[in-house]
1. Note down the nm distance, to one decimal, between modelled labels 7 Å out along Cα→Cβ at E324 and at T71.
2. Which lysines does K284 reach when only Cα atoms under 23 Å apart count, and residues fewer than 8 places away in its own chain are ignored?
3. Along the charge dipole of the chain, which of S86, T10, H273 sits closest to the positive end, that is, farthest toward it, with unit charges on the beta carbon of Lys, Arg, Asp and Glu (+1, +1, -1, -1)?
4. So, for region 320-374, what is the accessible surface per residue at a probe of 1.4 Å, expressed in square angstrom?
5. How many Å² of accessible area per residue for region 1-78, probe 1.4 Å?
6. Applying 1/(1 + (r/R0)^6) with R0 = 35 Å to the Cβ-Cβ distance of R307 and C407, what FRET efficiency is obtained, to the nearest 0.05?
7. As a test of the definition: which semi-axes, in Å, follow for region 88-128 when you take the square root of five times each eigenvalue of its alpha carbon gyration tensor? Largest first, please.
8. Sort out for me the Cα centre separation of region 313-343 from region 199-223, rounded to whole Å.
Amino acid sequence: MSEKKMKKVTKSIIPLTNVHSIGVIGDPGCEGLGTYNMRIYAGALEESGKDDITLIVGDLVPIGTKHYYQTIQEMTEILAQNEVYSLRGNHDTGAYMEYFGQKNYALLAEAFAVVVLDNAERVFEEEGLSLLSNILSREDVKQVIIAFHIPVPNHFILNCVSEEEFSRLQKAYQPWKEKVKYLLCGHVHSRFIDMVDEIPLICTGGGGAMIEDVSKEIRACDVEHHVVHFYEKDGKLSYQVSDLSEDCYSRESEDKILNQKLQETVQGELFAHFKYLMFADRAKRRGMDRISNLFHALAASEYYHARNFYSVLERPASFLESVETYVPGEKFEYEYLYQIIIEYAKKQQEPLAEQAYSKAAAAEQVHANLLEEAVDMETFAKEKIYVCPICGYVMTEETVSERCIVCGGPKRQYEIFEGK
C-alpha cells in the first residue's frame, strides 16, 4: 500500500531528508469545494509539486465536518505530486485533528525549519509557542519560517490577531530573532508582503478562494491566484511567488472522451437554463410570481452546473488579456455568419428567423464595439449599460433612447446593468 501524500501529523517534530524547497498554498476551500474553486486548487497542487513538499496554510474546507475533510483529502491524494502538510484555519473546525493530526508541529529540513502554529481562534496556544522556542534554541537550526493562519498586525489589514497575541509570539522568538527569516500566513484571499518586527511577513490566500480587495493599493484585479515557493540555495532561504494562469489545470480536459462529454453536458445545462428562464418570463406575465421565482431559481442552478462543467474545459487567457479574445467572435457573427443566414431566410420567405438574426446582428456589432473599448479595463468608463428585453439590443448612457431603435421596445422595460 502506497504512503499517503496528505500527511496526518502524529509527532511535534518531524525530521525531513532531501527537502530543500516547500510550496505554500493558501485558503483553497473556505468558500466551498465546488469544481469552479477546486480547479484553482488543482492547479496550485501542480505548481507546488515542483517543490519537495507542500504546505497548506489553512482553510482547507468551508466548515469542519467529516464530509468536507474527506472530500479535500481524497482530491489531494489524487492530485498532489509531493507530500502535503497543513495547518488549521478558522474554517477548519470540528474533525480537523482526526484527519490531519496535531495543530502545532515543526518540519525540520537540513537547511531550514518550518514551525507550524495554530492561531485559528486568534490565539496562539502555549503548546505551540513552547515548541517554537524549543526549535529556535537548537544549535542545528539556523533558519526558520513561522507559519500560522491569521495574520499578525501589519500595515495593510485590520483582520488580524491582537497586539497582545502578537507580543506573546514575539516573546517566544525574541531571544533567537535573527533565526526567524519569514512570518507566513493565509486567511486573506489575496497576497501582500510587509515588514513586521523587521521580519518579512508573507500573506498568501490565493489557492482556491476568490481573490478579494485588500486595500486601495492591493485590489482583486491586481492579484492572481498563486503559490509561494520557499527554497534553500547556497545555504540561504529565499522565496518566489508564482502566479497561476487562468489555464492552470488542464489534465482532465485533455482526455478526449471526457472532453466531448463535458461539452455535451455544458450545452445541455445551458439549454435547461434558457428553457427555465423562458418559462419564468411566461409565468411572470401571467401573474404567477411564485412559479416565476421557482423557475428563475432553477435556471440559476442550471447555470452554475454549466459553469462547473465548463471550468474543467475552459482554457482562458490571463484575466487582463481576456476581453480582446471575445471581440473576433462577435465580429464574425454580425459581419459574416448572421448575414448568410439572413439572406437564406429571405430567399425562403421565413420572416421571423430573418428578423431574429437581423436584430441580433445589430446587437452583436454594439457588443464588439463595447468590448474593443473595454480592452483597456482601467480606462473603460461606461457605468450604465441598457439592454432591451424585447430584442436584446445594447445601449449606453450616450446612446439610450426612449424606444429601442431596433425593435421599438419602450425604455421603461430596459434592463439596466450598473457598475461604478
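1. According to this spin-label approximation, the distance is 3.9 nm.
2. Within reach: K275, K411.
3. So the residue we want is H273.
4. Details: 3590 Å² over 55 residues.
Spelled out: the 1.4 Å probe surface of region 320-374, per residue, equals 65 Å².
5. Solvent-accessible surface per residue comes out at 42 Å².
6. 0.70
7. That gives 21, 13, 8 Å for the three semi-axes.
8. Computed from Cα coordinates, the inter-centre distance equals 32 Å.
The values are calculated or read from the model by the stated rules, or taken from the named source; none is laboratory data. As the structure is a prediction and not an experimental result, all values here were calculated from the model. Note that each Cβ is placed from the backbone with ideal geometry, even for glycine, and that neighbours are counted across all protein chains shown. In case anyone asks, the SASA skips ligands and DNA or RNA and just uses the protein heavy atoms, side chains included. Shrake-Rupley method; radii C 1.70, N 1.55, O 1.52, S 1.80 Å.
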